[in-house]
Amino acid sequence: QVRVVESGGGLVQPGGSLRLSCEASGNIVSIYAMGWYRQTPGKERELVAGIVDGGRTTYGDDVRGRFTISRDDTRNMAYLDMNRLKPEDTAVYYCNVDLGMHNYWGQGTQVAVSA
């Protein structure tokens, strides 16, 4: 069994920054990819950023240039550094951990961008 836990969400003013963390634990040999997704009420979950084994990254169009994803394979962790936050970034942010054969989701962490 694999457990995924996100942390770091909160309330921030427009233009501010936050760092989200994702920790995977349990029966893990290696992690192929880790990704951050977000969802708002009534909308589908969308990819924010992803990083695969080897470091190649991908970003959603709305966040490219403002957000940075990274990972620490020694700790089975991924991070999302979010800068120049906008009200439209408000959402629940979820971490996905892809082990190749299976992937796992965390429970999500709320990010609210408001003055």
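The values are calculated or read from the model by the stated rules, or taken from the named source; none is laboratory data. Not measured: the values here are computed from a predicted model. Note: ideal-geometry Cβ built from the backbone for every residue, glycine included; neighbour counts use all protein chains shown. Please note that ligands, DNA and RNA were not included when accessible areas were found on the heavy atoms of the full protein model with its side chains. Shrake-Rupley method; radii C 1.70, N 1.55, O 1.52, S 1.80 Å.
A few notes on this one:
- Residues satisfying the stated conditions in the range 46-92, i.e. among the small types (Gly, Ala, Ser) and part of a strand (DSSP E or B): Ala49, Gly50, Ser70, Ala78, Ala91
- Residues that are modelled with pLDDT under 95 and hydroxyl-bearing (Ser, Thr, Tyr), drawn from the range 24-44: Ser30
- Filtered by the rule that a residue be within 15 Å of Ser21 (Cβ to Cβ) and either free of Cβ contacts under 8 Å to residues at least 60 places away in the same chain or part of a strand (DSSP E or B) (or both), the range 93-115 gives Tyr93, Tyr94, Cys95, Asn96, Val97, Thr109, Gln110, Val111.
- Selection from the range 1-33 of residues that are charged (D, E, K, R) and open to solvent by 30 Å² or more (accessible area, probe 1.4 Å): Arg3, Arg19, Glu23
- Total residues in the range 102-115, condition open to solvent by 30 Å² or more (accessible area, probe 1.4 Å), of a type in the set (A, V, I, L, M) and in contact with a Lys or Arg (Cβ under 9 Å, 6 or more places away or on another chain): 0
- Subset tally (residues that are at pLDDT 95 or above and either over 16 Å from Asp53 (Cα atoms) or open to solvent by 50 Å² or more (accessible area, probe 1.4 Å) (or both)) for the range 92-101: 3
- On the stretch given as the range 65-83, residues that are touching a strand residue (DSSP E or B) at 6+ places or on another chain (Cβ under 9 Å) and open to solvent by 50 Å² or more (accessible area, probe 1.4 Å) total 4.
- Per the conditions (1) touching a helix residue (DSSP H, G or I) at 6+ places or on another chain (Cβ under 9 Å); (2) in a loop (DSSP other than H, G, I, E, B); (3) among the charged types (D, E, K, R), the sole criterion not satisfied by Arg38 is (2).
- Checked across the range 19-32, the condition of being part of a strand (DSSP E or B), over 15 Å from Ala112 (Cβ atoms) and without any contact (Cβ under 8 Å) to a residue 40 or more places away in the chain holds for at least one residue.
- Scan of the range 34-60 for residues that are hydrophobic (A, V, I, L, M, F, W, C) and crowded, with 17+ Cβ neighbours inside 10 Å, ordered by number: Met34, Trp36, Val48, Ala49, Ile51
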